[in-house]
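Okay, structure first, notes after.
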Amino acid sequence: MSDKKKAPRFHGLRIYIFSMLIFFMLVMPIALFLLAKYGPVWEGATQTGDNKFVETLELLLKMLVISFLMGFAFNLPYKIYFRKKRKGKKISDKLKNFCTKYIIAVPTINVGIIFISLGTTLIYMLVILLFTDSFDEITGRFYWRFFVISVFSTILTLLFVYFWEKHRVHLRYIDHIYPEKLLRKRIFGKRHSKVRYRLWISNAMTTIMPLFIVMFYLFMSVSTIRELEIEGLTEEHLKVLFGQYLGLTTQIDISDFSEFFYVNVFDSIMMFSGIITGIVIAVIYLIFFVNWTTRDIVEPVGELLENMQATGRGEINQYSIVRTNDEVGALTEGYNDMSQRIADYIESISRINEANARFVPKQFLEYLGKDNISDIHLGDQVQKEMTTLFADIRNFTGISEEMTPRENFNFLNNYLGYMEPVIRNNKGFVDKYIGDSIMALFSDRAEDAINASIEMQLKLVEFNHVIQQFGRPPIEVGIGIHTGNLMLGIVGGEGRMDGTVISDAVNLTSRLEGLTKLYGASIIISEDTLIRINDPSHYNYRFLDIVKVKGKKEAVYIFEILDGEKNDHKEKKIATKAEFGKALQLYKNKQFDKAMDIFLGIYSGNQDDRAAWVYIQRCKRLIREGIPDDWDGIERIENKFD
């Protein structure tokens, strides 16, 4: 998430300056009022309080300079880090490790640095108060009051620095320093805080603390009657002090009221100044602490809500930064854990679906109108016209006998690894593997199946080149293609189901593949496939025969696709295509002598043309045995040629 927004500026010196302004705003007015109040009664010969006050201020200023230098040195790496982050510059591992190690402790460390100056000054003042005997009563009272307000101001200042720094660290800095994995968990230690504690602190800082300041000013803005007895109380003094209640004092010794308070003009000014100061401090702390408290809760909850909405829209792998160590942080951490579990579950389901797709092709599900494999039920079926392709390794039984079972297994996997992508890339899918045979379906165009078969023969050349390097003989593959209506569906029982294709068209395709061995062809297609090709001239093909295969009553016109042949075989067959067609016509017209002469000429020029050799043998047989009465030129094939 840090990459989605610009890195912020790191505030170090600014916080120091602002916190010191608050400290002096709290301390100095009271100090000046105390000096003004007690200064006139200090005797010229007794300057201990005045001197100690000046020494205290000097010590405070010196320690503040030291703290500022220490704070600058500690915060400088962070300023450099975020400056480089904003400008996209490379950050050294040393700098990154330092920032990562101490970023959570930044509020505490900065508070500690400021406390070095303020705490040292307070300790110095306390030592003076406890171990200096030269103070008179007035001086001691002044110094004790100055010490109390200094302690109180120090507490307010340190709390201000701590919560300001903590607010910026949690909401602005950590997501630019910590990696995503850490930001998903609470990284603030084992002790968990509570939202109510933060609200109590905020209320105390914005209400109780300012009220305490007002009460402190009020306490200092009064004088005791005993303080006036230094000069003695006259009748006029008593009238001013007691007014209309002076008559009540006639029966009571005035010394009994010596500890009572009175307010003079200067005390009134101090009292109102204290009230104004308390209001100003309350406003300042109200603005800052309410803002921090609100944003510390609202922003993490807002991020969490936004990510939850994104998760609801299906955008997985969402996470929210855990910015607090309280209930909001626990809620965010719980969401991140839930989001991760959902992402892992979806990923697991996706892997399962991908694995299922290897067993049950997604096209199969689409044809059945199912979104996923869980929607499939026994008996689901659909009728569709498709082009079926069968591919089989010739004489694989003999080849496999020379290999161990493991070698057979690896050999087939290597071979199928070459062939399956070709089928998939030509908009088809493998319905099933039957030993060394491949059954594939093409639903869009018949050309897709023919293109796939041609490319499979080209891939076979690559495969043979590889296995020959390991001493294996090259293999040949026959491919049969037919187009027709078929039924796709789910068969089996409730305990074991399987997707399959049932159709006479599938059986015919298997028979056509078997005929490739008889006719020495690489690819044989049916007339039903040929007539569905948009532009048959795009391919080199020749008519082979009219056959009735085993299990089929109707005759099938079959054609050989020459583009799948080896280059030399292809060129020779293309060159004799016209002669082959003429010879076939003579053969159908029962002119076997003339047909055989042409076939012999073709075969003598290309002894790899097995189809010509087949017709030569047929012509010889018919010439020798005579023509049967029911002969119609249709060849009846009883063998399956498996």
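Things worth noting here:
- Identity of the residue in the stretch 435-471, closer than 18 Å to GLU401 by Cα and under 44 Å from the mean Cα position of the chain (by Cα), that ends up surrounded by the fewest Cβ atoms within 10 Å (Cβ to Cβ): GLY435
- Selection status of PHE142, in contact with a helix residue (DSSP H, G or I) (Cβ under 6 Å, 6 or more places away or on another chain) and in contact (Cβ under 8 Å) with a residue 40 or more places away in the chain: yes
- Residue in the stretch 594-610 that is touching a Ser or Thr at 6+ places or on another chain (Cβ under 6 Å) and either modelled with pLDDT under 90 or aliphatic (A, V, I, L, M) (or both) present: yes
- Residue pairs whose Cβ atoms lie under 8 Å apart, separated by 6 or more positions or on different chains, with the first residue in the stretch 90-108 and outside any helix (DSSP H, G or I) and the second of a type in the set (D, E, K, R), are LYS90/LYS84; ILE91/LYS84; ILE91/LYS85.
- Verdict on GLY633 being surrounded by fewer than 20 Cβ atoms within 10 Å (Cβ to Cβ), at positive phi, at pLDDT below 90 and not assigned by TED's automatic domain parsing to the domain that holds GLU527: yes
- Reported count of residues in the stretch 599-638, each being closer than 24 Å to LYS573 by Cβ, touching a residue at least 12 places away in the same chain (Cβ under 8 Å) and not in a helix (DSSP H, G or I), is 7.
- Where strands (runs of 3 or more DSSP E) fall wholly inside the stretch 443-546, the ranges with 3 or more residues that are over 20 Å from TYR367 (Cβ atoms) are 477-493, 523-526.
- For the stretch 569-598, filtering for residues that are part of a helix (DSSP H, G or I) and either without any contact (Cβ under 8 Å) to a residue 24 or more places away in the chain or of a type outside the set (D, E, K, R) (or both) leaves 20.
- Applying the criterion of at least 2 residues that are of a type in the set (Phe, Trp, Tyr) and modelled with pLDDT of 75 or more to the helices (runs of 4 or more DSSP H) found wholly in the stretch 116-217 leaves 137-168.
- Criterion violated by MET386 - all others in (1) at pLDDT 80 or above; (2) surrounded by 15 or more Cβ atoms within 10 Å (Cβ to Cβ); (3) in a helix (DSSP H, G or I) satisfied: (3)
- Number of residues in the stretch 472-489 that are closer than 17 Å to PHE429 by Cα and surrounded by 16 or more Cβ atoms within 10 Å (Cβ to Cβ) equals 9.
- When residues of the stretch 277-301 are limited to those that are polar (S, T, N, Q) and surrounded by fewer than 18 Cβ atoms within 10 Å (Cβ to Cβ), the one farthest from ARG198 (Cα to Cα): ASN291
The values are calculated or read from the model by the stated rules, or taken from the named source; none is laboratory data. Predicted, not measured: the structure shown is a model, and the values here were computed from it. In this analysis, Cβ positions are derived from the backbone assuming ideal geometry, glycine residues included, and neighbour counts consider all displayed protein chains.
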